[in-house]
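Asks: Have a look at this one.
The values are calculated or read from the model by the stated rules, or taken from the named source; none is laboratory data. On a predicted model such as this, the values are computed, not experimentally measured, just so you know. Neighbour counts are summed over all protein chains in view; Cβ atoms, including those assigned to glycine, are modelled from backbone coordinates with ideal geometry.
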Amino acid sequence: MPEIVDLPERQTQEQIAAKHKKAIGDALTHVLPAMDAAKVDGFKVSWAVGTDYAGRACITNLVILKEF
């Protein structure tokens, strides 16, 4: 005999965006202490993220400058 099952609950676009925002924010919390450590040693850190030739996320610019 056939069984009727419920469809899985679908997430809204807002829920999906919030999940990705949290994941990216959590990952960046590991970068910030490294930037603070560089600052203690007199360096300024600047970086930018974009996409590579295949559309994957990548670091497009990373600059570490010594402040005098």
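Asks: How many residues does the range 1-50 contain that are among the polar types (S, T, N, Q), loosely packed, with under 10 Cβ neighbours inside 10 Å and not in a helix (DSSP H, G or I)?
Replies: So the count comes out to 2.
Asks: To continue, here is another question. Is it the case that some residue within the range 36-47 is β-branched (Val, Ile, Thr), at pLDDT 95 or above and more than 23 Å from the chain's Cα centre (by Cα)?
Replies: The answer is yes, given that some residue of the range 36-47 is β-branched (Val, Ile, Thr), at pLDDT 95 or above and more than 23 Å from the chain's Cα centre (by Cα).
Asks: List the residue pairs whose Cβ atoms are under 8 Å apart, where the first residue sits in the range 30-46 and is closer than 19 Å to residue 59 by Cα and basic (Lys, Arg), the second is modelled with pLDDT of 95 or more and assigned to a helix (DSSP H, G or I), and the two are 6 or more positions apart or on different chains.
Replies: Short answer, once both residue conditions are applied: 44/38.
Asks: Does the range 51-68 hold any residues that are outside any strand (DSSP E or B) and farther than 22 Å from residue 24 by Cα, and which are they?
Replies: Those that are outside any strand (DSSP E or B) and farther than 22 Å from residue 24 by Cα: 67, 68.
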